Structure formats: structure tokens, C-alpha cells
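Trainee: Below is a structure I'd like to ask you about.
The values are calculated or read from the model by the stated rules, or taken from the named source; none is laboratory data. Model, not experiment: these values are computed from the prediction. Note that each Cβ is placed from the backbone with ideal geometry, even for glycine, and that neighbours are counted across all protein chains shown.
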Amino acid sequence: MFIIASEMRGVREIWKKKDSDYYPVGFSDADLRKVGGCMHGLPSWGIPKDVPNVVQSKGIEEIIIAIPSATETQHAGIRGLRGKNGVPFPDLKSF
């Protein structure tokens, strides 16, 4: 599972849920300073617009939008990445 996050609050919430079926493998954040780094043991694989390429290159099967403060407009923008550049985009879930 790949996480589109903001300030890692959402990632921390996922890690808190010990009974969760989710296994995070990486995240995306709009903060360019985080790209290529690691937070909470997860690698940052780019910014949200990079998600279609990450999905393809890493074989991502599921994506969670973990942005507690995101507006519906922001969610719609992320969902708009689905199928961009012909890359299949897994179903999105809000966490």
C-alpha cells in the first residue's frame, strides 16, 4: 500500500492501528524536501503528481489518501491522477 500523505499525520494514524490490514511500503508528500528521504521507516517516492509513475514502477496495488485536513477538492485532484499517462491507478481510499 502506498500513502499520499501530508505532514505524516496520516501515516502515524495508520501505524497506530496495530490490527490494520494495511502494510505501508512508501509515501508521497507535496513537500519536496521529503523526496528521497525516509519518515517512520517509509521511503518518500516523490510528490503527488509522481504517483502514476510510482504505481507503475513499484507495482503498487492500493493507495490511501492519508491527509486528514484534505478538502473534497484536494481529494478530487488526487483522484484525477488515476490513469494519467496511461498508468493504471488502484482504487483510492481515504483514511
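Trainee: Do you know which of the residues in the stretch 28-69 that are among the hydroxyl-bearing types (S, T, Y) and surrounded by fewer than 19 Cβ atoms within 10 Å (Cβ to Cβ) is modelled with the lowest pLDDT?
Mentor: Looking at the filtered set, the residue picked out is S69.
Trainee: Could you tell me which residue of the stretch 70-95 is surrounded by the most Cβ atoms within 10 Å (Cβ to Cβ), considering only residues that are modelled with pLDDT of 75 or more and hydroxyl-bearing (S, T, Y)?
Mentor: The qualifying residue surrounded by the most Cβ atoms within 10 Å (Cβ to Cβ) is T71.
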